[in-house]
1. Looking only at residues in segment 387-422 that are among the polar types (S, T, N, Q) and either in contact with a Leu (Cβ under 6 Å, 6 or more places away or on another chain) or in a loop (DSSP other than H, G, I, E, B) (or both), which one is modelled with the lowest pLDDT?
2. Against the conditions (1) outside any helix (DSSP H, G or I); (2) under 22 Å from residue 74 (Cβ atoms); (3) among the basic types (Lys, Arg), where does residue 599 fall short? Just the number, please.
3. Of the residues 179, 130, which single one is touching an Asp or Glu at 6+ places or on another chain (Cβ under 9 Å), open to solvent by 20 Å² or more (accessible area, probe 1.4 Å), in a loop (DSSP other than H, G, I, E, B) and in contact (Cβ under 8 Å) with a residue 60 or more places away in the chain?
4. Checking the conditions here, which among 324, 276 is of a type outside the set (D, E, K, R), out of contact with any strand residue (DSSP E or B) (no Cβ under 6 Å at 6 or more places or on another chain), assigned to a helix (DSSP H, G or I) and over 26 Å from residue 362 (Cβ atoms)?
5. Pairs under 7 Å by beta carbon, first residue under 22 Å from residue 109 (Cα atoms) in segment 40-58, partner among the polar types (S, T, N, Q) and in a helix (DSSP H, G or I), six or more apart or different chains?
6. Considering 549, 544, 568, 582, which residue is within 18 Å of residue 488 (Cβ to Cβ) and surrounded by fewer than 17 Cβ atoms within 10 Å (Cβ to Cβ)?
7. Quick one: in segment 335-349, of everything that is hydrophobic (A, V, I, L, M, F, W, C) and either part of a strand (DSSP E or B) or at pLDDT below 95 (or both), which residue is most open to solvent (accessible area, probe 1.4 Å)?
Amino acid sequence: MQEHRAYWRKLDHVAKMYSATSNDKITRVFRFYCVLKEDIQPIILQEALNKTIETYPIFLSVMRKGLFWHYLEKSSLRPVVKEESKEVCSTLYVHDQKSLLFEVTYYHNRINFEVFHALTDGTGATAFLKEIIKNYLYLSHLGELEEIHFLGEHITIQDQESDGFSKYYRKEKVNKTKKIKAYQIIKPQKQRGSLQVNESSVYVKDIQKKAKKKKVSLSIYITSILLMAISREMNVEQEKRPVVLHVPVNLRKFFPTESMLNFFVCMNPKYTFCENTTLDDVIQQVQQYYQKELTKERIIENMNRFITLEKHPLLRIVPLEVKNLSIKAGTIYAEKDATAVYSNMGIIDMPDSYAKYIERFGVFTNTPKLELCMCSFQGQITFSFTSTFDTRNIQRNFYQILKEEGVPVTLIKPDYPDLKKQSENEKKWYRIYTFICLSIAVICFGIEGMMNLRTHWAFYVVGAISSVWLCSYVGYKKRRNLLKNAMWQLILLSFGSFIWDLCIGYYRWSINFVIPVLCMINLLFMIVVAKARKDAPSEYMVYLVMGCLYGSIVPIILIITKMVKFKLLNAISMIFSIIFLLGLIVFKGKEFKEEMIKKLHV
C-alpha cells in the first residue's frame, strides 16, 4: 500500500458508542483465532504480522480525546507478537495511554487476533486474520505454497478508511418504535474480569439438513434454538416478558463498500413463551420477523434510526465527558431491550492449498450479556458462548436441543495458559495509603473530642490530609499522561488554595500569589517534559494551549473583577501566557491548526 493515509480520522457511529462505554470489565474487545495443525513459530508470525500491517495500515491507530468526540490518530507504534499470557479479551483501550487497539498472540498451535471494537467489526477482523494466516503459512512453508492476494489491487487506503454510515445515511424522519422490556438473565456473576468461554463444533451438513427440513435458513434455525435454550431457564412469572436477541446485520450485503470500519446494525428477533411452546412455533415467528426486517427499506430505516441522535446539532456540541455519561446511561437503558446476543460471522474461506494446514477458526467477544458467536470453515461450524455468569445452563440447553434435533455436538476442550495473576501491588499500596489517611483523620477527631479543645484543629489537619490525598489520587489516575496530569494538578491546586484561603480568613494570598505562580510553573513544567521526552507537537500542543488559556484568562478575570490587590504576578502570568500562546501559533502554526481541528471537531 503506497497511498497517503489520513493523519487522523473521526470515529464511525458504532465506534463512538464503544469508546464511551468500555471499561476494565466490559472491554468491548473481541477475539478471532485460528487453530493450525502445527505449533506456531513466533519469529515467522512476527514477520507475517509485519506484512499484514503493510496491507492494512489503518490498524496502526491510537485513540485520542477531543473536546466533543474521541478520534483515531495515525501512530508510529508497531505491534509485537507475544505468547498468550492474560485473560481473553482483556482491555486494549487504556485511557490516557497511547497504545494500539489490537494485539496478536499465540499459544501452542493457535494464533489469536484481539481487537477493540471501535477499530473494526467482524468483517474487518476476518480480513485481517485471514491475511495474517495466509502470510504465516506462506513464510513457514516457503516453496510449498503459491503467494496469493486477498485484497484487490483497486482497493485503496481511502476505501478502507471510508465510513459506510456517513456514505449511506439519509436525513429523513424516523418513525419511533415502542420499546419492549426484554427478559433479563439473572445469574451469579463470575469474579471481576473473568470471562467464561464455552465452545463446541458441529458439521454444517448435519445442522443444515435439519434447517432445510424446517424450510428455513441456518441463521433462523440457530436463532430459534438459542431463544428456546434461554426459555428453559425461565419460570412462569418471567415468561410474561419476551426473550429478545440482538443480532448484528452486516450492512455490506446491502450497501457496497470496502470499508474496514464498523458497518452493521442490529435486528431484534423475539418470542414470548408459554408453557406449551414448541421449537416449530418459535421458528415460524422468527422466520416471519427475518422476512420482514431483512429488506433494504427496513435496513435503511434501522440505520437512520441508529444514527439520527448522533447527528442532532445540540448533542454534537455537548462536551465529550458529558456526552460519555449520556451514552453510558443510554447504553444501560438500551441493554434492557435485549436478553442475549447472537452473532453469525459466516463462512471463512481459504484456498485449498492453505486450508490443509488449518484445523478451524473461532470467534468470541467480551460482552455484558450472554453472547453466542459462530463461524464456519471447511464444513465445520464453531459455536462460542461467552458470558460473565457463573453457570452454563443456557449453553447446556442449547447443545441439548441440537441433540434432540438429531445434530451431533462435539464440545471443544478449553486450551488456555495458566494465567499469572496481574500484579496488585500498586492498588494494594494505594489502599494502604488511603487507610492510613482515614485512620489519621479518625485519630485527630478522637483526640480533639477527648481533650475538649475549642480550636477545631482536627478540621485543619483532616483538610490538609484530604487535599494531599485528592492530589495524589488524581496524580495516580492520570499517571500515564504527565501533561494532562499537570493540568489537573494546576486546577486542583488553584481551587484548593482558594478554598484554604477562604477557610482561614480570606487574606487573598491564593489569588495574589499562588494561582499566578502555579500558572507559570505549569507552563514551564510542560515545556521541560515535552523537550525531555522529545514529544511530537500532537502530544503536547493541546495541553500547552490549555495551560496558556488558563494562565491568561484566570488572571484577567481576577484583575477585571478587582479581586486581587497585588496585581503584578497576575499581570506577569497573563503576559507570559499570551506571549507563549502567540509563539505556538507563529512557530507551530500548522501543528496548532491541525490539533485544534482534531480536538474541536463536532
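1. So, considering only residues that are among the polar types (S, T, N, Q) and either in contact with a Leu (Cβ under 6 Å, 6 or more places away or on another chain) or in a loop (DSSP other than H, G, I, E, B) (or both), the one modelled with the lowest pLDDT is 422.
2. (1) is the only condition that residue 599 fails.
3. The match here is 179.
4. The match here is 324.
5. Cβ pairs passing all conditions: 41/140; 44/140; 48/135; 51/135; 52/135.
6. Of 549, 544, 568, 582, the one residue that is within 18 Å of residue 488 (Cβ to Cβ) and surrounded by fewer than 17 Cβ atoms within 10 Å (Cβ to Cβ) is 549.
7. 347
Condition check ((1) of a type outside the set (S, T, N, Q); (2) open to solvent by 20 Å² or more (accessible area, probe 1.4 Å); (3) within 25 Å of residue 599 (Cβ to Cβ)) across all residues:
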{"position": "243", "(1), (2), (3)": "yes, no, no"}
{"position": "256", "(1), (2), (3)": "yes, yes, no"}
{"position": "260", "(1), (2), (3)": "yes, no, yes"}
{"position": "282", "(1), (2), (3)": "yes, no, no"}
{"position": "297", "(1), (2), (3)": "yes, yes, no"}
{"position": "300", "(1), (2), (3)": "yes, no, no"}
{"position": "303", "(1), (2), (3)": "yes, no, no"}
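The values are calculated or read from the model by the stated rules, or taken from the named source; none is laboratory data. Quick caveat, the model's predicted, so the values are computed rather than measured. When we count neighbours, we look across all protein chains shown, and the Cβ atoms used for this are built from the backbone with ideal geometry, even at glycine. Please note that ligands, DNA and RNA were not included when accessible areas were found on the heavy atoms of the full protein model with its side chains. Shrake-Rupley method; radii C 1.70, N 1.55, O 1.52, S 1.80 Å.
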